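Presented below is the structure to which this report refers.
The values are calculated or read from the model by the stated rules, or taken from the named source; none is laboratory data. Predicted, not measured: the structure shown is a model, and the values here were computed from it. Cβ coordinates were reconstructed from backbone atoms using ideal geometry, including for glycine residues, and neighbour counts include every protein chain displayed. For the accessible areas, the whole protein counts, side chains as well, though only heavy atoms, and no ligand, DNA or RNA atoms are used. Shrake-Rupley method; radii C 1.70, N 1.55, O 1.52, S 1.80 Å.
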Amino acid sequence: MAFSLTRVNRVLIQACETTPSVVLDLSLIDNIPVLRCFARTIHVFTHGPDAARAIQKALAKALVSYYPLSGRLKELNQGKLQIDCTGKTGIWFVDAVTDVKLESVGYFDNLMEIPYDDLLPDQIPKDDDAEPLVQMQVTQFSCGGFVMGLRFCHAICDGLGAAQFLTAVGEIACGQTNLGVSPVWHRDFIPQQHRANDVISPAIPPPFPPAFPEYKLEHLSFDIPSDLIERFKREFRASTGEICSAFEVIAACFWKLRTEAINLREDTEVKLVFFANCRHLVNPPLPIGFYGNCFFPVKISAGSHEISKEKSVFDVVKLIKQAKTKLPEEFEKFVSGDGDDPFAPAVGYNTLFLSEWGKLGFNQVDYGWGPPLHVAPIQGLSIVPAGIVGSVPLPKKGVRLMTWCVEETHCQLFDDLMTNKLTSNKTE
């Protein structure tokens, strides 16, 4: 999808008041090598005249409390990361305009047609090879709507933390003088020495993945209405006497049908990996306002034939629920330094990764003109089979499952299986 825009201003936004000049340690989880990357998202708003100016002012005020986000990553010799807060750096902000209407580009509803390079900020400044931790472009469309293109350093915030910051910016833009949630740094919740050898080292992150697989993953998205998910949950409870979440429903269908579509040998081990928030599992629990990384991988393994043929979707839901019950124990082992590094990536066509974005808070951020129509993640590595559970564009209700998980040869069958399952009147 080609369209023209003009970037009219580029500026480094700093806090509007003096902030501490300090060097801050990051947590053990922040230091995980695979998080040394930028998460990229597109946020589409149907209303917001002169949005760039309002958001720019709100960012300068928000950075008074969130001043670490103005800093730069600093790496020590042993690979440990810190944030260097000098008060002289800031957030990179690009103001852009276009004479195109959002309606004419379909509100960027099709992920494969989004011109990411145009909507994301450009000409990123670097200080000794260190980029701004937050990079933002606000593009004003002629219809009065705008699109925010965001690059956020994953080493300093997880999804919940990034959404917390954007919510604060929105509150300030809407005229609030006090933030709904005050930010808390608190990055020392896991003693670094427990796992210093296998998580923080080496100084240079290992290749991810160690060897690149020889396949290309295709994109498919599925919009799943709320009534279908609720019906599945009712039938699961009637059948098992247990309750299940919408995420467990989607994860079970996704893993089972994707395994059936790729048709691996019966004895091949297939894996499902998703990440769970662990703020409540820290002892004592992390304070409200913590905005760093605190999550842990939940991993499930089974035979290909077992998942695709032998087990029902309800059975797979049970596997997922059982794996989640082990999370407190597994997280405690990690904190105490026992066992192997659980964050070491195991990438292959038989391993499926799944992330839940719908409950992070991005879809509720309001800069003064209402929440976004939708938020679109940008694909990371094209060789990591993955799915993202998000929300369907307003005003519809339901879940949008965005996937990059099958080769072209498996694409049609996977599409057919998912479409039939997710639109059928019969869930099991």
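Could you give the length gained on full extension between Asp366 and Ser104, defined as 0.36 nm per residue of separation minus the Cα-Cα distance, in nm? Display every interim value, and only then the final one.
On the way: separation 262, 0.36 × 262 = 94.32 nm, distance 2.37 nm.
That works out to 92.0 nm of additional length.
Using the heavy atoms of the protein chains and a 1.4 angstrom probe, tell me the accessible area per residue for region 241-334 in square angstrom.
Numbers: 4060 Å² over 94 residues.
Result: 43 Å² per residue.
Which of the lysines could a cross-linker bridge to Lys311, judged by Cα under 23 Å and excluding same-chain residues fewer than eight apart?
Here the lysines satisfying the reach criterion relative to Lys311 are Lys233, Lys256, Lys271, Lys299, Lys321, Lys324, Lys326, Lys421, Lys426.
For region 157-186 and region 1-70, what is the separation of their C-alpha centers, rounded to whole Å?
12 Å
Which cross-chain or sequence-distant (5 or more) residues have an amide H under 5 Å from the amide H of Asp158, H modelled 1.01 Å from N in plane?
The list, which skips near neighbours in sequence, is Asn293, Cys294.
Accessible area of the chain with a 1.4 Å probe: how many percent of it is carbon plus sulfur?
On the way: 9530 of 19100 Å².
Summing carbon and sulfur atoms, their accessible area is 50 percent of the total for the chain.
Under a Cβ-Cβ cut-off of 10 Å, what is the net charge of the residues other than Phe414 that fall near it, where Lys and Arg count +1 and Asp and Glu count -1? Mind showing how you got there, number by number?
Values: positive: Arg258; negative: Glu218, Glu260, Glu407, Asp415, Asp416.
Its environment carries a net charge of -4.
Sorted by average packing, counted as other Cβ atoms within 10 angstrom per residue and highest first, what order do 27-36, 5-14 take?
Working: 27-36: 21.1, 5-14: 14.6.
Final packing ranking: 27-36, 5-14.
What is the sum of charges around Phe331, taking Lys and Arg as +1, Asp and Glu as -1, for the other residues whose C-beta is under 12 Å from the C-beta of Phe331? Intermediate values should be presented prior to the final figure.
Working: positive: Arg279, Lys324, Lys326, Lys333; negative: Glu329, Glu330, Glu332, Asp338.
Around Phe331, the surrounding residues sum to 0.
I need the trypsin sites (Lys or Arg not before Pro) found in region 325-428, filtered to DSSP loop residues with at most 14 other beta carbons within 10 Å of theirs.
Numbers: sites: Lys326, Lys333, Lys359, Lys396, Lys397, Arg400, Lys421, Lys426; in loops: Lys326, Lys359, Lys396, Lys397, Lys426.
Sparse-neighbourhood loop trypsin sites (Lys or Arg not before Pro): Lys326, Lys396, Lys397, Lys426.
Show the residues, 5+ positions off or on another chain, whose built amide H is closer than 5 Å to the amide H of Trp185.
So Trp185 has HN proximity to no qualifying residue.
Within region 70-109, what residues put their amide N at less than 12 Å from the label point 7 Å along the Cα-to-Cβ vector of His219?
Flagged as within label range: 108-109.
Starting from the Cα gyration tensor of region 229-345, take the square roots of the eigenvalues, sort them a ≥ b ≥ c, and report rounded, prolate or oblate (rounded when a/c is under 1.5, otherwise prolate if a/b is larger than b/c, else oblate).
On the way: a/c = 2.43, a/b = 1.44, b/c = 1.69.
Verdict is oblate for region 229-345.
When the dipole is taken about the Cα centre of region 1-159, and only Lys, Arg (+1) and Asp, Glu (-1) are charged at their Cβ, what size is it in debye, to the nearest 20? Don't skip to the end; give the middle numbers.
Numbers: 14 positive and 19 negative charges, 68 e Å.
Dipole of region 1-159, to the nearest 20 debye: 320 debye.
I need the shape label for region 121-183. Rule: rounded when a/c is under 1.5, else prolate if a/b > b/c, else oblate, with a, b, c from the alpha carbon gyration tensor.
Working: a/c = 2.22, a/b = 1.12, b/c = 1.98.
Here region 121-183 falls in the oblate category.
How high is the relative contact order of region 66-201, given as a whole-number percent (alpha carbon pairs under 8 Å, six or more residues apart)?
Numbers: 169 pairs, mean separation 31.9, N = 136.
Averaging sequence separation for qualifying contacts and normalising by length gives 23 percent for region 66-201.
Work out the length of the dipole vector of region 231-386 about its Cα centre, built from +1 on the beta-carbon of each Lys and Arg and -1 on the beta-carbon of each Asp and Glu, and round it to the nearest 20 debye.
Values: 18 positive and 18 negative charges, 105 e Å.
It comes to approximately 500 debye.
Looking at Gly175, Phe108, Ser226, which one has the Cα that reaches farthest to the positive end of the dipole of the chain (charges on Cβ: Lys, Arg +1; Asp, Glu -1)?
Farthest towards the positive pole: Gly175.
Taking only protein heavy atoms and a 1.4 Å probe, what accessible area per residue, in Å², does region 1-90 have with all protein chains in place? All intermediate terms of the calculation are to be shown ahead of the outcome.
On the way: 3970 Å² over 90 residues.
In whole numbers, region 1-90 has 44 Å² accessible per residue.
As I understand it, the dipole of region 348-428 uses +1 on the Cβ of Lys and Arg and -1 on the Cβ of Asp and Glu, about the Cα centre. Which of Val392, Gly380, Asn350 lies farthest toward its positive end?
Positive-most Cα among the choices belongs to Val392.
Suppose R0 equals 35 Å; then what is the FRET efficiency for Asp122 and Asp341 from their Cβ-Cβ distance, rounded to the nearest 0.05? Walk me through the intermediate numbers first.
Working: r = 36 Å, r/R0 = 1.02.
That pair, Asp122 with Asp341, gives E of 0.45.
If I model a spin label at Thr86 and Thr18 as a point 7 Å from the Cα along the Cα→Cβ vector, what separation in nanometres do I get?
Using points 7 Å along Cα→Cβ, the separation is 1.8 nm.
Across region 367-372, in residue order, what do the Karplus-derived ³J(HN,Hα) couplings come to in whole Hz, using 6.51 cos²θ - 1.76 cosθ + 1.60 with θ = phi - 60° and x for Gly and Pro?
Calculated HN-Hα couplings, in order: 9, x, 10, x, x, x Hz.
What FRET efficiency comes out for the pair Glu131/Glu266, r = Cβ-Cβ distance, R0 = 41 Å, nearest 0.05? Show your work: numbers first, answer last.
Details: r = 47 Å, r/R0 = 1.14.
The pair Glu131/Glu266 has a calculated efficiency of 0.30.
Using a 1.4 Å probe, how large is the accessible area of Arg187, given in Å² and rounded to the nearest 10?
That residue has around 10 Å² of solvent-accessible surface.
So what is the 222 nm mean residue ellipticity for the chain from helices alone, if each DSSP H run of at least 4 adds -39500 (n - 2.57) and you divide by all residues, rounding to the nearest 500 deg cm²/dmol?
Values: 8 runs with 105 residues, N = 428.
Mean residue ellipticity at 222 nm (helix-derived): -8000 deg cm²/dmol.
Report the charge-dipole magnitude of the chain in Debye, nearest 20, computed about the Cα centre from +1 at each Lys and Arg Cβ and -1 at each Asp and Glu Cβ.
Details: 40 positive and 50 negative charges, 166 e Å.
The calculation lands at about 800 debye.
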